[in-house]
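What follows is a set of notes on a single structure, which appears directly below.
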Amino acid sequence: MTATTPRVGQAAATGRVEPQTSAPERARELLRRGFGLIGPRHPRHSVTVDQLDTLALPVADDGVVIGVDAENRPAVLGLNRPLPYDVVLIGGLWTVQVIALRAAATGTRVAVETARAQVWMPMVHAMGGGQNGMAVYDVGRVPPLGASAGTPVLVVRDCGMRPPRGRVVSGPWQSVLTLLPYVSPVAPRLVRQARLVGIQRVSPDEATELGRTMALTRAEMDSLPGLSDGLTLWCTDRDRQYVMTQPTDAETGLLGTPRRMD
């Protein structure tokens, strides 16, 4: 019967006695060999099969937190996508500026196309004079922006009720957010082209027109004229979600309180 002999026994059999090394010396030897630092030792965390069903992980899309939903959970808008993504907001400037500010804070470059640069420049100055991810351009003067997975871009089109067809359009890693203050004659075309549409407080006639264009339910149409400031109904082809945008103290100091009218 053969038994496995420990290392110290092998040394004794050959007549050699290996020197005992201390823990610090062993650690230095491991580092010299490239094994890295030795971290603290902790017991393993384990659960039984029956306990797995009790685990709840808050996993959701990455993106910009634009507010909270009806259950007071964070509502996240994923703007940085590998495919073209068009968003239309029929609402107020305040909400678009909050989204742009938060997108820039997450590392997205924001290009604002507008005929009223004076309402955007305070944001640009607050962010470092255009050196921290936000720039303002005249209508039709947005240059190619070189969007990529490492440098995603959000183009904000604040061009009034009848925005001209943009020279810079959505593409991979470049989303376009168009602001419409009201339901204008070009709204149906923009809404049909968009992947996501946000609607804030509108008149009953506008609500009826949007209901036909977007196949809203009667309850959704009836709610639109009474939406409070900061509340938006966000719509895709299949989903509807009410989101309340709540400003931080810094956003309130820069942009003021939520409002529908500019």
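The values are calculated or read from the model by the stated rules, or taken from the named source; none is laboratory data. Computed from a predicted structure; not experimentally measured. Here the Cβ is made from the backbone with ideal geometry for all residues, glycine too, and neighbour counts use every protein chain on show. The protein model used for the area step is the full one, side chains on, heavy atoms only, and it has no ligands, DNA or RNA in it. Shrake-Rupley method; radii C 1.70, N 1.55, O 1.52, S 1.80 Å.
Mind checking which residues of region 204-247 are over 17 Å from residue 93 (Cα atoms) and of a type in the set (Val, Ile, Thr)?
208, 213, 217, 236 - these are the residues of region 204-247 that are over 17 Å from residue 93 (Cα atoms) and of a type in the set (Val, Ile, Thr).
Let me confirm something: among 238, 201, which residue is in contact (Cβ under 8 Å) with a residue 12 or more places away in the chain and open to solvent by 70 Å² or more (accessible area, probe 1.4 Å)?
Exactly one of 238, 201 is in contact (Cβ under 8 Å) with a residue 12 or more places away in the chain and open to solvent by 70 Å² or more (accessible area, probe 1.4 Å), namely 201.
Go through region 241-262 and give me each residue that's in contact (Cβ under 8 Å) with a residue 24 or more places away in the chain, among the β-branched types (Val, Ile, Thr) and not in a strand (DSSP E or B).
Once the filter is applied, which keeps residues that are in contact (Cβ under 8 Å) with a residue 24 or more places away in the chain, among the β-branched types (Val, Ile, Thr) and not in a strand (DSSP E or B), region 241-262 yields 245, 257.
Could you tell me how many of the residues in region 73-95 are in contact with an Asp or Glu (Cβ under 7 Å, 6 or more places away or on another chain) and not in a strand (DSSP E or B)?
Going through region 73-95 one residue at a time, the tally reaches 3.
For residue 257, which of the numbered conditions (1) touching a Pro at 6+ places or on another chain (Cβ under 8 Å); (2) closer than 19 Å to residue 72 by Cα fails to hold?
Going through (1) touching a Pro at 6+ places or on another chain (Cβ under 8 Å); (2) closer than 19 Å to residue 72 by Cα one by one, residue 257 breaks only (2).
Got at least one residue in region 107-115 being in a loop (DSSP other than H, G, I, E, B) and more than 23 Å from residue 261 (Cα to Cα)?
yes
Out of everything in region 181-198 that is farther than 18 Å from residue 85 by Cβ and open to solvent by less than 10 Å² (accessible area, probe 1.4 Å), what residue ends up being modelled with the lowest pLDDT?
Across region 181-198, the extreme among qualifying residues is 184.
Which residue, of 151, 114, 178, 108, is open to solvent by 40 Å² or more (accessible area, probe 1.4 Å) and touching a residue at least 24 places away in the same chain (Cβ under 8 Å)?
151
Residue 135 passes all but one of (1) in a loop (DSSP other than H, G, I, E, B); (2) surrounded by 13 or more Cβ atoms within 10 Å (Cβ to Cβ); which number fails?
Going through (1) in a loop (DSSP other than H, G, I, E, B); (2) surrounded by 13 or more Cβ atoms within 10 Å (Cβ to Cβ) one by one, residue 135 breaks only (1).
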